[in-house]
Amino acid sequence: MSVMLRPTDIGELCDLVAAFAGKDDRLCLRGGGSKDAIGAPTPDVTVVDMRGFSGVVDYDPPELVLTVRAGTPLAEVQALVAAENQMLAFDPEGLGTTIGGVIAAGMAGPLRLTRGGVRDHLLGFEAVSGRGERFVAGGKVVKNVTGFDLSKLMAGSWGRLAALTEVTLKVVPRPQLQQTLLLRGLDPAAAVAVMASALGTPAELSAAAHLAWHGEPVTALRLDGFAPSVAARRAMLARDALAALEPIDDDEGDALWDAVRHVRPLASAPILWRIVVAPSKAPGVIIALPGAAWLLDWAGGLLWLASDSDPADIRRVAEAGGGHAMLVRGDTALRGAVSAFHPRSPALTALETRVRRAFDPAGVFETGRF
Amino acid sequence: MSLCMPEPDAGVLARRAEIVAAMRAIVPGEGVIDHADGLRPYETDGLTAYRQPPLVVVLPETVAQVAAVLRWCRDHAVKVVPRGAGTSLSGGALPLADGVLLGMAKFNRILHVDYADRIAIVQPGVTNLAISRAVEDEGFYYAPDPSSQIACTIGGNVAENSGGVHCLKYGVTTNNVLGVELVTIDGEVLRLGGQGLESAGLDLLGLVVGSEGLLGVVTEVTVRILPRPETARALLIGFPELEGAGRCVGEVIAAGIIPAGMEMMDRAAIHAAEAFVNVGYPLDVEALLIVELDGPAAECAHLIEAVARIAEANGASSIRASSDDTERIAFWAGRKAAFPAAGRISPDYFCMDGTIPRRRLPDVLARMKLLSEQYGLGVINVFHAGDGNLHPMVLYDANVPGQLELAEAFGADILRLCVEVGGVLTGEHGVGVEKRDLMPAMFSAIDLAQQVELKHAFDPAALLNPGKVFPTLHRCAELGQMHVHGGKLPFPDLPRL
Ligand SMILES: Cc1cc2nc3c(=O)[nH]c(=O)nc-3n(C[C@H](O)[C@H](O)[C@H](O)COP(=O)(O)OP(=O)(O)OC[C@H]3O[C@@H](n4cnc5c(N)ncnc54)[C@H](O)[C@@H]3O)c2cc1C
């Protein structure tokens with residue numbers, strides 16, 4: 001049985017972490033718990049529920065900067081910025097998630113292709129290290145190179161370095177108009193080629209994905225911006241031999257991108273892999289793993305793969321494409337046997353371990369999950 | 001107030017001949033420089049107030065040589081300072097008397113360009129501009145554009161996480177780099193990141209970008225390239241009051257417009273620039289704003305009007321929109337000449353680099369004016385207005401005894417002021433030696449210790465670029481300040497932003 005603790009102020013959290021580190025015990029940080037089923041099962045661990053750190057600290061829309069406590073629900077953050085006609089540019093998914101969990105999971109949606117990921121929008125933070133010490137890094141302005149960029153490490157750290165208590169994010173204006181254009185019936189290689197050529201024009205796409213949608217393969221390109229600009233950029237794409245692009249209405253477009261963001265076409269697949277490769281390599285990965293269901297986001301650079309092939313084969317194929325594969329869904333047995341993260345070289349693993357120790361010398365956040 | 005650097009290790013100095021011989025065994029021929037005349041060009045970087053010839057200069061040509069040099073230096077406890085083109089404005093590439101200066105200039109090849117995946121793989125000594133030149137025929141460019149781009153190297157850009165006037169819309173170096181090859185002080189060759197958008201595991205790439213040569217030596221860089229926008233147009237807007245200009249910047253962004261660049265100059269900067277280049281800047285204004293918009297022609301036309309309306313509503317006294325590229329470039333000419341223009345009105349100047357929340361601009365400029373009176377030194381301001389990155393130039397004359405020290409103190413007060421209003425010590429030039437001792441103004445001892453722990457995870461004996469970034473010196477040697485006077489700066493041909 002897991003024990004659950006819920007600190008609400010930073011002093012309490014510092015004491016808690018210091019006490020556990022001193023006893024050589026382990027703590028698992030949890031936001032909304034939506035990603036509990038990622039990584040190896042960890043039955044006997046003490047869970048720290050971070051939702052006690054909730055609320056907005058500072059938000060000044062014209063500065064494009066937002067500071068919130070890490071346990072604030074993502075939905076609340078998104079509603080707050082939407083009310084000012086702004087958005088989180090990394091386009092996160094997540095029902096029931098916290099902003100800290102989203103950041104620690106480093107998961108970004110379709111707009112990541114052109115607007116950057118979590119790493120690109122976390123400007124600074126306050127956290128408690130494995131020593132039980134409060135520290136800050138980064139800043140609260142959009143441009144800053146003072147000291148090491150620890151925000152990059154915290155994005156995608158999966159609770160292994162420090163407990164985020166407050167985060168400062170860069171936000172961006174919400175586009176006035178979004179238009180989604182479709183091509184139908186392409187195979188993955190043709191789709192990736194089309195997406196690459198569209199991204200090679202100055203039409204400035206914001207997102208590009210290829211998926212099975214209402215039973216047929218569609219290649220979806222998205223243009224965001226002011227109305228005259230979207231019209232001009234659509235004309236630009238047509239000029240570049242993508243004349244068959246067919247606009248779909250806004251609701252349909254929203255539904256499509258929502259499906260991509262949440263990988264809905266693969267929602268019921270028992271095993272799900274997240275493979276990041278150079279876009280041109282994605283079709284090769286698909287061909288090498290026959291029988292898999294898949295969805296391509298980021299113009300092919302992100303391949304969601306539902307496949308019961310041998311995990312070693314999947315990882316070998318991803319690596320051959322210059323990429324890596326993360327196991328994000330699987331039953332307990334699979335997750336117990338196969339590490340969630342793609343294995344790194346021994347030298348890199350050793351360096352990562354030293355980096356983790358730099359935050360957490362006693363390994364208090366090392367639950368064995370990853 | 002002179003610069004303190006780690007006291008040179010007498011043992012290392014005594015072993016100089018042995019160290020030079022060991023370097024020659026690794027890098028044959030012209031690649032090792034040890035005579036005094038040959039060392040002189042390396043004794044400073046873009047922060048010319050501080051100078052120190054290195055123990056020896058080593059210019060490797062292969063990754064294996066870099067690895068062997070680093071491993072040898074680790075085994076023999078010799079410090080190493082990496083160097084690109086030496087344009088750092090914070091003294092990041094300042095040599096150490098007892099250290100090897102590892103110049104990466106010979107790593108100057110573009111290895112691979114992939115237009116389908118929109119990436120370029122280059123060696124670290126390739127200049128920033130050379131990347132854009134290499135891909136321009138296909139209609140692409142590399143977006144981060146520091147104004148030193150004809151000289152500075154991509155390796156230096158990675159180390160400093162450099163920005164440029166277009167980074168408001170396109171991001172700084174870290175947002176445009178996908179992978180690096182890094183050689184650690186142990187001589188281990190690591191690949192961080194790759195050709196995809198995200199790394200497996202911890203984002204060590206993100207940590208290395210902006211680490212100022214303290215974590216390893218970058219031997220290869222994979223960058224994203226972008227298609228060049230169809231058009232670019234600029235607005236030149238004069239304001240009778242600073243507040244109006246500040247509000248205009250905020251409202252442009254609040255309207256959902258992210259210009260490619262948005263630069264501000266104060267009265268002193270406008271007058272200095274206009275006297276230097278005569279491009280027709282209005283002289284009866286307190287602030288001048290240059291707003292550049294890029295994209296399809298229809299988008300530029302639409303946004304030019306929208307920005308002009310916002311400017312008018314905030315009391316702009318003059319608004320001009322460029323009708324062609326010649327005019328657009330003319331708008332920029334004065335801004336780009338701000339540094340040499342400062343050099344004409346003052347024998348010497350320091351260029352500062354703090355960032356503030358934009359809303360605090362009028363307040364910060366008013367207090368800077370008070371400080372200027374208090375110190376009896378002039379200051380002129382150019383400003384990356386879109387992202388709040390200030391570049392105040394503190395004017396002084398090093399030939400007047402005491403003025404250099406006054407200028408240093410004035411500059412430090414400006415940076416403390418940036419931190420006090422919620423900003424930071426450096427927006428793009430790096431901490432280096434220049435802001436090292438100010439780090440405690442922004443970070444607690446625990447915050448800094450956390451960063452130093454990371455440094456030790458890469459470099460436990462602190463042999464890579466010591467004395468930079470972290471104020472951890474117990475014993476130190478005072479560095480002589482042989483100031484270059486009367487505008488005789490290195491890189492005289494570079495536009496200065
Ligand atoms: C006139 C002028 C204008 C400038 N304008 C801008 C501007 O608009 N925006 C901006 O951001 N900066 C600007 N700068 C600052 C400077 O050009 C940048 O910081 C640049 O990135 C430094 O590159 P470099 O090759 O000259 O590096 P160097 O000065 O040689 O080194 C800078 C740092 O990088 C490290 N380093 C260099 N190469 C490597 C490597 N291969 N591996 C590991 N570490 C390495 C060095 O140790 C040092 O700490 C300007 C400078 C000048 C002189």
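The values are calculated or read from the model by the stated rules, or taken from the named source; none is laboratory data. Treat the numbers as computed from the prediction; the structure is a model and nothing was measured. For neighbour counting, all protein chains shown are included, and Cβ atoms are generated from backbone atoms with ideal geometry for every residue, glycine included. These accessible areas exclude ligands, DNA and RNA; they are computed on the full protein's heavy atoms, side chains included. Shrake-Rupley method; radii C 1.70, N 1.55, O 1.52, S 1.80 Å.
Got a number for residues in the range A:208-229 being surrounded by fewer than 23 Cβ atoms within 10 Å (Cβ to Cβ) and within 11 Å of another protein chain (Cβ to nearest Cβ)? Matching residues across the range A:208-229 total 4.
For the subset of the range B:204-220 comprising residues that are of a type outside the set (Asp, Glu) and in contact with a Gly (Cβ under 7 Å, 6 or more places away or on another chain), which member is surrounded by the fewest Cβ atoms within 10 Å (Cβ to Cβ)? Per the criteria, the residue is B:LEU205. Restricting B:VAL80, B:VAL66 to residues that are more than 24 Å from the chain's Cα centre (by Cα) and within 12 Å of the ligand (Cβ to nearest atom) narrows the list to B:VAL66. Of all the criteria given as (1) open to solvent by less than 20 Å² (accessible area, probe 1.4 Å); (2) near the ligand (Cβ under 8 Å from one of its atoms), the one not satisfied by B:SER148 is (1). Suppose we keep only residues that are open to solvent by 50 Å² or more (accessible area, probe 1.4 Å) and away from chain B (no Cβ under 12 Å) within the range A:265-287. Which one would you say is nearest to B:ASP114 (Cα to Cα)? By that ranking, first place goes to A:ILE287. Inspection of the range B:445-460 identifies at least one residue that is open to solvent by 10 Å² or more (accessible area, probe 1.4 Å) and in a loop (DSSP other than H, G, I, E, B).
Taken over the range A:54-91, the criterion of being away from chain B (no Cβ under 14 Å), within 20 Å of the chain's Cα centre (by Cα) and either touching a residue at least 24 places away in the same chain (Cβ under 8 Å) or open to solvent by less than 30 Å² (accessible area, probe 1.4 Å) (or both) is satisfied by A:VAL68, A:ARG69, A:ALA70, A:GLY71, A:THR72, A:PRO73, A:LEU74, A:VAL77, A:LEU88.
Only residues that are hydroxyl-bearing (Ser, Thr, Tyr) and open to solvent by 30 Å² or more (accessible area, probe 1.4 Å) were counted across the range B:122-142, and they come to 1. Using the structure shown, decide if B:GLU299 is in a loop (DSSP other than H, G, I, E, B) and within 12 Å of chain A (Cβ to nearest Cβ). Here the answer is no, as B:GLU299 does not meet what is asked.
Looking only at the range B:424-442, count every residue that is of a type outside the set (D, E, K, R) and open to solvent by less than 10 Å² (accessible area, probe 1.4 Å) and tell me the total.
Summing the residues that are of a type outside the set (D, E, K, R) and open to solvent by less than 10 Å² (accessible area, probe 1.4 Å) in the range B:424-442 gives 9.
Among all positions in the range A:196-207, there is at least one residue which is part of a strand (DSSP E or B), open to solvent by less than 10 Å² (accessible area, probe 1.4 Å) and more than 8 Å from chain B (Cβ to nearest Cβ). Test B:GLU292 against the stated conditions and say whether it is at pLDDT 95 or above, open to solvent by less than 30 Å² (accessible area, probe 1.4 Å) and farther than 30 Å from B:LEU94 by Cα. In short, yes. For the condition of a type in the set (A, V, I, L, M, F, W, C) and touching a residue at least 12 places away in the same chain (Cβ under 8 Å), B:VAL424 qualifies.
Only residues that are within 16 Å of the ligand (Cβ to nearest atom) and in a strand (DSSP E or B) were counted in the range B:121-140, giving 3.
Checking each residue in the range B:173-218 for being part of a strand (DSSP E or B) and either among the aliphatic types (A, V, I, L, M) or near the ligand (Cβ under 8 Å from one of its atoms) (or both) picks out B:VAL177, B:LEU178, B:VAL180, B:LEU182, B:VAL183, B:VAL189, B:LEU190, B:LEU192, B:VAL217, B:VAL218.
Would you confirm, using the coordinates I've provided, whether B:GLY155 is modelled with pLDDT of 95 or more and within 12 Å of the ligand (Cβ to nearest atom)? Taking the combined requirement at face value, the residue satisfies it. For the range A:127-150, filtered to residues that are assigned to a loop (DSSP other than H, G, I, E, B) and within 14 Å of A:ALA21 (Cα to Cα), the residue that is farthest from the ligand (Cβ to nearest atom) is A:GLY132. Counting the residues of the range B:219-267 that are within 16 Å of the ligand (Cβ to nearest atom) and either within 10 Å of chain A (Cβ to nearest Cβ) or farther than 19 Å from B:PHE331 by Cβ (or both) gives 5. In this structure, does B:ILE290 turn out to be in contact with a Phe, Trp or Tyr (Cβ under 6 Å, 6 or more places away or on another chain) and more than 14 Å from chain A (Cβ to nearest Cβ)? Taking the combined requirement at face value, the residue satisfies it.
Within the range A:269-298, track down each residue that is under 16 Å from the mean Cα position of the chain (by Cα) and either at positive phi or part of a loop (DSSP other than H, G, I, E, B) (or both). Hits for the range A:269-298 are A:VAL277, A:TRP298.
I'd like the residue in the range B:83-119 that is open to solvent by 40 Å² or more (accessible area, probe 1.4 Å) and away from the ligand (no atom under 16 Å from the Cβ) and, out of all such residues, is nearest to the other protein chains (Cβ to nearest Cβ). It comes out as B:ALA116.
If B:VAL165 passes every condition in (1) under 28 Å from A:SER280 (Cβ atoms); (2) in contact with a His (Cβ under 8 Å, 6 or more places away or on another chain); (3) near the ligand (Cβ under 8 Å from one of its atoms) but one, which one does it miss? Status for B:VAL165: all satisfied but (1). When B:THR48, B:THR87, B:THR44 are screened for being in contact with a Ser or Thr (Cβ under 9 Å, 6 or more places away or on another chain) and among the polar types (S, T, N, Q), only B:THR87 passes.
Scanning the range A:309-332 for residues that are over 20 Å from the mean Cα position of the chain (by Cα), closer than 21 Å to A:PRO41 by Cα and modelled with pLDDT under 95 yields A:ASP331, A:THR332.
Taken together, the criteria exclude B:GLY280 from residues that are free of Cβ contacts under 8 Å to residues at least 12 places away in the same chain, at positive phi and not charged (D, E, K, R). For the range B:69-76, the condition of being within 12 Å of the ligand (Cβ to nearest atom) and either away from chain A (no Cβ under 14 Å) or in contact (Cβ under 8 Å) with a residue 12 or more places away in the chain (or both) holds for at least one residue.
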